[in-house]
Amino acid sequence: MDGTGWKDFETLESYIAKEQSLHPQSRGVFSNLLRRIGLASKIILSKAQRAGLAGVLGSFGRENIQGEQQQKLDVLANEVLKDTFRWMDSVAGMASEEEENMIQLPPRASGENRYLVLFDPLDGSSNIDANVSVGTIFSIHRMLSSDGSARLEDFLQVGTKQVAAGYVIYGSSTMFVYTTGNGVHGFTLDPMIGEYVLSHENIRIPDVCKCFSANDSNYHIWDEPTKRFADIVRYSRSGRYAKTTSRYIGSMVADLHRNLLYGGVFMYPADTATGKGKLRLLYEASPMAFIFEQAGGAASDGSRRILDIEPTGLHQRVPLIIGNKEEVELYERLKRGESA
Ligand code: AHM
Ligand code: MG
């Protein structure tokens, strides 16, 4: 392959194989699962890229269980992921933003280790019609039950128990970013060869607060510490925040991907009327928290580390602040009533 540069390529496939070889006792079950997510993301991408042509943009005309209009691409992406995992012996169950209940897969005879996959098939989908970047988020847990049948308590595990988490961003280029607790690695899809190629090994969030990301029109429903935090980060024109700029796409994967690479903080705080956040713990906040912590950042609901929250329901929502450690800690201090 001399002359093509291929000999220097590390692909998602080869990288996963390399990570697996560090565990000689591994039978490759988990690696195969990650590979399949890579494959599923390419199928979702192909559908997303043809969306305008195929007339699948826009609402599907029904609501998901969160009471939101489902977009056609949400439905397609959900089906692709379900079809991907349904036949895998290693998958005991799935949970999706687009499914009210967990999906249990029948126990297999193979006796393989079994995993649970939780996903948001197409996050940020309300932006699809405007061609804005969207993403797939996933979280993988090991089963607690030993009989191979997935139960609700298997899904309701704290974030620290995740064995892997990641996202795929469908943007100006498509990237697969994941962690298994051994750093965060990013792969860019080379459309010419159809492979994810290692482009960002061991991503570390830069220790600068370049971006502040929040839906500012919610300012009036934020509590006082949250308003104070936003004011400090956005308007202090000295020190660490002298050059901070507001950036909000409204597509979490895109907002967090940018902040992970540039440094910054994203928040979707609680609404003072309900005391609740918008984003879902198990397949939005928790996988992203795992990624950010592995990249040197932090994630909190204002008082607790996201990864320590005991889930109470599949679609539980949490307030979320995520980004550089310094800003997450500042926010927590303000929430405790301490001074900045
Ligand atoms: P979704 O999973 O239904 O797409 O909702 C999650 C999205 C996030 O991507 C984004 O950060 C947030 O909702 C935007 O919400 P808002 O429009 O209220 O700012
Ligand atoms: Mg979502």
Hits in the stretch 1-14 (condition: modelled with pLDDT under 85 and either assigned to a loop (DSSP other than H, G, I, E, B) or touching an Asp or Glu at 6+ places or on another chain (Cβ under 8 Å) (or both)): M1, D2, G3, T4, G5, F9
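Evaluate the following for T160: is it of a type in the set (V, I, T), farther than 18 Å from Y283 by Cβ and modelled with pLDDT of 95 or more?
Details: of a type in the set (V, I, T): yes; farther than 18 Å from Y283 by Cβ: no; modelled with pLDDT of 95 or more: yes.
It is false that T160 is of a type in the set (V, I, T), farther than 18 Å from Y283 by Cβ and modelled with pLDDT of 95 or more.
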Unmet requirement for Y170, which otherwise passes all of (1) surrounded by fewer than 24 Cβ atoms within 10 Å (Cβ to Cβ); (2) within 16 Å of ligand 2 (Cβ to nearest atom): (1)
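Determine whether the stretch 243-265 contains at least one residue that is away from ligand 1 (no atom under 16 Å from the Cβ), out of contact with any Phe, Trp or Tyr (no Cβ under 6 Å at 6 or more places or on another chain) and under 16 Å from G302 (Cα atoms).
Here is the first cut: in the stretch 243-265, the ones away from ligand 1 (no atom under 16 Å from the Cβ) are 243-245, 261-263.
Narrowing the set further to residues that are out of contact with any Phe, Trp or Tyr (no Cβ under 6 Å at 6 or more places or on another chain) leaves 243, 245, 261-263.
Then keep just the ones that are under 16 Å from G302 (Cα atoms); that gives none.
So far as the stretch 243-265 goes, no, none of its residues is away from ligand 1 (no atom under 16 Å from the Cβ), out of contact with any Phe, Trp or Tyr (no Cβ under 6 Å at 6 or more places or on another chain) and under 16 Å from G302 (Cα atoms).
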L118, sole failed condition from (1) in contact (Cβ under 8 Å) with a residue 60 or more places away in the chain; (2) farther than 19 Å from S172 by Cα; (3) away from ligand 2 (no atom under 13 Å from the Cβ): (3)
Qualifying residue in the stretch 235-251 (condition: touching a residue at least 24 places away in the same chain (Cβ under 8 Å), buried (at least 18 other Cβ atoms within 10 Å of the Cβ) and in contact with a Lys or Arg (Cβ under 7 Å, 6 or more places away or on another chain)): yes
Elements of type strands (runs of 3 or more DSSP E) contained in the stretch 15-103, each with 1 or more residues being modelled with pLDDT of 85 or more and crowded, with 20+ Cβ neighbours inside 10 Å: 91-96
Test: residue in the stretch 196-207 that is within 16 Å of ligand 2 (Cβ to nearest atom) and within 23 Å of the chain's Cα centre (by Cα): no
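Of all residues in the stretch 286-299, which are touching a Phe, Trp or Tyr at 6+ places or on another chain (Cβ under 9 Å) and either under 18 Å from I169 (Cα atoms) or outside the structural domain of V253 (by TED's automatic domain parsing) (or both)?
Restricting attention to the stretch 286-299, the residues satisfying the condition of being touching a Phe, Trp or Tyr at 6+ places or on another chain (Cβ under 9 Å) are 287-288, 291, 298-299.
Residues satisfying the conditions are P287, M288, I291.
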Some residue of the stretch 98-113 being touching a Leu at 6+ places or on another chain (Cβ under 7 Å) and within 16 Å of ligand 1 (Cβ to nearest atom): no
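The values are calculated or read from the model by the stated rules, or taken from the named source; none is laboratory data. Model, not experiment: these values are computed from the prediction. When we count neighbours, we look across all protein chains shown, and the Cβ atoms used for this are built from the backbone with ideal geometry, even at glycine.
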